[in-house]
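Inspection log for the structure reproduced underneath, given as structure tokens.
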Amino acid sequence: MRIPTEPIGSIPRPGELIQGHHDFAAGNIDAETLRDLTDQAVGDTVRRFEATGSPVVSDGEQAKPSFLTYPVSGIADLAPDGLVVPFSDGHTRQLPRLTSGPFRYTGHAVDHLRAALARTSVPVKQAVIAPSALSLLYPPDGIDGYSRERFLADLLDEAEADIRACLDGGAHSVQLDFTEARLSLKLDPSKGVLHDLIAVNNQVLDRFSARERTRIGVHTCPGGDWDSTHSADVDYAELLPDLFTLRAGAFYVGLAGEPDRRRVLGVIRDALPEDRRLFVGVIDPIDPVVETPEQVRDRVLEAAEFIPAEALGTCDDCGFAPFADDTSTSRETAFAKIAARVEGTRLAGEVLGR
């Protein structure tokens with residue numbers, strides 16, 4: 001029995017590329033040199049993905065400054081003092097704040113897709129930021145002459161175009177990164193913010209046909225940055241039933257790092273709609289220890305006790321370096337973990353197919 005397995009997103013950037021960004025910011029190299037370093041990193045990433053035997057690959061987000069802000073990188077009408085996201089080790093990340101409209105993307109996921117497709121014949125998955133996350137760029141006190149309603153209309157158009165270009169451009173699947181979902185319950189336990197975020201995403205998903213939505217999935221996890229999370233202390237049971245109201249064809253749920261996976265799997269079993277595929281996280285990017293294929297196999301078999309095997313897939317819990325400056329995990333470790341996921345998923349498929 002073949003169980004599908006897919007990566008989630010980012011791969012740690014090579015040291016040369018990280019240094020290249022520093023050199024470019026300091027004016028020591030030009031844009032063409034930085035592009036060359038990025039192209040080399042994408043090529044190396046795709047080759048390493050192929051070497052793991054992965055049936056689906058990606059560009060590893062090598063060209064993105066972060067998984068979140070790639071669509072708005074370089075926009076002039078942004079201020080740096082937006083929403084602050086605290087992580088469990090004490091460090092923070094801060095979103096930018098929109099200062100004027102109209103809102104338009106300056107970077108598009110299809111460009112990253114094309115870069116990977118040009119280097120492989122293996123199916124390519126493309127991650128995009130969920131429009132819900134970008135909705136947080138709009139300030140609570142509003143923008144003179146640019147209403148929140150007008151902003152959301154522009155955002156929905158831009159998000160739809162970003163996703164549709166990837167589907168039309170040959171993506172095997174498109175994944176909406178919705179990592180702020182769990183965090184929203186920490187910021188607002190009443191679930192008002194969560195429901196607003198879900199509504200934004202569903203307004204975009206509703207613009208696609210049922211057939212198109214079978215290739216669109218939503219990813220959730222407790223965040224991952226510098227080996228730290230932002231919302232692992234939030235109970236998944238408070239999130240998942242609401243998350244599964246999203247009208248996507250698949251869900252990618254970080255699970256390997258959960259202290260009680262069986263309890264979470266029980267929640268998933270009771271809440272997952274019958275016609276959706278569930279990719280369970282079987283690799284913990286934060287744990288420096290590389291999982292064995294046998295550990296992965298056993299995690300898949302555990303999940304199969306709760307989820308019908310025909311609706312089951314596997315993934316990593318999160319990207320390995322969602323922000324470009326995160327060097328807490330090496331490329332070697334990331335690909336060793338991916339290889340374990342691929343082989344362990346294959347082993348589980350053999351057991352389930354008997």
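FYI, it's all coordinate maths here, none of it is from the lab. What you see is a predicted model, and the numbers here were worked out from it, not measured in a lab. Every residue, glycine as well, gets a Cβ built from its backbone with ideal geometry; the counts of neighbours run over all protein chains shown.
Points to keep in mind about this one:
- With the simple spin-label model, which puts each label point 7 Å out from Cα in the Cβ direction, the D89 to N202 separation comes to 3.7 nm.
- D (Stokes-Einstein, µm²/s), Kirkwood Cα radius, the stretch 227-354, 0.890 mPa s at 25 °C: 162
- Assigned charges on the beta-carbon of Lys, Arg, Asp, Glu; the chain dipole about Cα centre (debye): 960
- Added length on full extension, which subtracts the Cα-Cα distance from 0.36 nm per residue, D275 to Q40: 80.6 nm
- Cα-based shape type of the stretch 113-236, given that a ≥ b ≥ c are square roots of the gyration tensor eigenvalues and the cut on a/c is 1.5: oblate
- Kyte-Doolittle mean at least -0.5, axial Cα span of 18 Å or more - DSSP H helices of the chain: 148-168, 192-205, 331-353
- Treating r as the C-beta distance of E16 and D188 and R0 as 45 Å, the FRET efficiency rounds to 0.60.
- Most mobile of T333, T52, T106 in a GNM of the chain (Cα contacts under 10 Å): T106
- A simple count of charges around F306, restricted to other residues whose Cβ falls under 11 Å of its Cβ and scoring Lys, Arg +1 and Asp, Glu -1, yields +1.
- Range of Cα positions in the stretch 58-151 per principal axis (Å), largest first: 48, 36, 20
- Gyration tensor (alpha-carbon) shape descriptor, the stretch 1-125, a/c threshold 1.5: prolate
- In the stretch 5-353, the C-alpha radius of gyration followed by the widest Cα-Cα span (Dmax) gives 19.2, 61 angstrom.
- Residue of H230, H22, H112 that the Gaussian network model of the chain assigns the largest fluctuation, springs spanning Cα pairs under 10 Å: H22
- Euclidean distance of C-alpha centroids, the stretch 149-228 and the stretch 255-276, integer Å: 20
- Using θ = phi - 60° and Karplus 6.51 cos²θ - 1.76 cosθ + 1.60, couplings along the stretch 134-141 (whole Hz; Gly, Pro as x): 6, 5, 6, 6, 6, x, x, 8
- Taking θ as phi - 60° and the Karplus parameters 6.51, -1.76 and 1.60, the scalar couplings of the stretch 65-72 work out to x, 6, 5, 8, 9, 4, x, 10 Hz in sequence order, x denoting glycine and proline.
- According to the Kirkwood relation over distinct C-alpha pairs, the hydrodynamic radius of the stretch 128-197 is 13.5 Å.
- Pairs of Lys in the chain closer than 29 Å at Cα, counting only those 8 or more apart or on different chains: 4
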